[in-house]
Amino acid sequence: MLHKKCLQIQSVLYNNEAPRIIRSIKSIVRAADFAINKQIFTEITVYYGDGSQEPVFTDQELKDLNSEFGEYIQIKYDYFESNLGSARGHNRLANHSDSDFIMIINPDIILAPDTLLQLAEPYANPKQKVGVVEARQLPVEHPKSYNTRTGETSWASTACVLIPRLVFEEVNGFDADTFFLYCDDVDFSWMARLKGYRIIFQPSAVAFHDKILSKNAAWQTSDAEDYYSAEAGLLMAYKWSRNDILENILTYFENSDVSYYKKAAEEFKRRKRDGKLPEQVDSNHRIGEFINNNYGKMRFSL
């Protein structure tokens, strides 16, 4: 049983649809019921940070939601008034609480009733020094590899993870000055590993991730996703001291006919000129895993 009891579940919104968020809340309430009855947590807050052009929820709608679901959770809401990105948004939400654990989920995640129980299980033995526990995403499972005996993996996707606050603070949260949307979770995981923490994938903790797929079952990405993932690729290679990979990516982007690749290359060079690149870490390449254009080994391809 965990000795610490307070949990903050937090999610950053950006033009999300209210009905889908409420569907997620209903699943959180059921999972909270299980966790509270098993005395894993005694107090659970769900905190939304909203970077949308207009607030997703009105004050009255939030009041109604708390009235309906307040038996198990308290719902809080912070309208950012600007798009802070995922890293800065989550740092802000985490800094506005003092919960013992932080759970980060995507706004459209649906939890199974026992998801909180399963995510908390690896923390039962403090000697294991677990830094992040990640849920299994359905219906499209993340392809990255993990140790089927221990659950250890290279990094955790923050679509659905449980993190002790002490670990979050020791790592200084997400590197929001470097990463706006993508790779902030990879970087956070690797920074935690640098401090000796284990990153655990927990297949028994199930989260339904409501992804929209194409006709051939491929993930569909937006223009913003394409650009920021390209930008993050350059920044990850630089920060994690892989100048060889950085030069290869930069050359490929500069010579590409793809507009967002060229834009990402220009942005990287601007940051370099302005002295805005992050401090490099892991010079001996002990933690950072750059394998076949992925951040770690893959079990299968999507």
The lone exception for Pro139 - which of (1) open to solvent by 30 Å² or more (accessible area, probe 1.4 Å); (2) over 19 Å from the mean Cα position of the chain (by Cα) it fails | (2)
Does Ala264 count as open to solvent by less than 50 Å² (accessible area, probe 1.4 Å), assigned by TED's automatic domain parsing to the domain that holds Tyr146 and not basic (Lys, Arg)?
-> no
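Identify the residue in segment 21-43 that is open to solvent by 30 Å² or more (accessible area, probe 1.4 Å) and touching a Pro at 6+ places or on another chain (Cβ under 7 Å) and, among all such residues, is farthest from Val56 (Cα to Cα). So that I can check it myself, show each step before the final result.
Initially, segment 21-43 is screened for residues open to solvent by 30 Å² or more (accessible area, probe 1.4 Å), giving 22-23, 26, 30, 34, 36-39, 42-43.
Okay, now just the ones that are also touching a Pro at 6+ places or on another chain (Cβ under 7 Å), so 30, 34.
Working: Arg30: 23, Phe34: 28 Å.
Once the filter is applied, the top-ranked residue is Phe34.
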Out of segment 30-54, which residues are out of contact with any Asp or Glu (no Cβ under 8 Å at 6 or more places or on another chain) and not in a loop (DSSP other than H, G, I, E, B)?
-> Arg30, Ala32, Asp33, Ala35, Ile36, Asn37, Glu43, Ile44, Thr45, Val46
Starting from residues that are hydrophobic (A, V, I, L, M, F, W, C) and farther than 17 Å from Pro55 by Cα, keep the ones in segment 65-98 and report whichever is surrounded by the most Cβ atoms within 10 Å (Cβ to Cβ).
-> Ala87
From (1) within 16 Å of the chain's Cα centre (by Cα); (2) open to solvent by 30 Å² or more (accessible area, probe 1.4 Å); (3) outside the structural domain of Ile104 (by TED's automatic domain parsing), pick out the condition that doesn't hold for Met191.
-> (3)
Members of segment 119-136 that are modelled with pLDDT of 95 or more and either assigned to a loop (DSSP other than H, G, I, E, B) or open to solvent by less than 50 Å² (accessible area, probe 1.4 Å) (or both) | Leu119, Ala120, Pro122, Tyr123, Lys129, Val130, Gly131, Val132, Val133, Glu134, Ala135
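The values are calculated or read from the model by the stated rules, or taken from the named source; none is laboratory data. Note that the structure is predicted; figures quoted are calculated from it, not measured. Virtual Cβ from ideal backbone geometry, glycine too; neighbours counted across all protein chains shown. Accessible surface areas use protein heavy atoms only, side chains included; no ligands, DNA or RNA. Shrake-Rupley method; radii C 1.70, N 1.55, O 1.52, S 1.80 Å.
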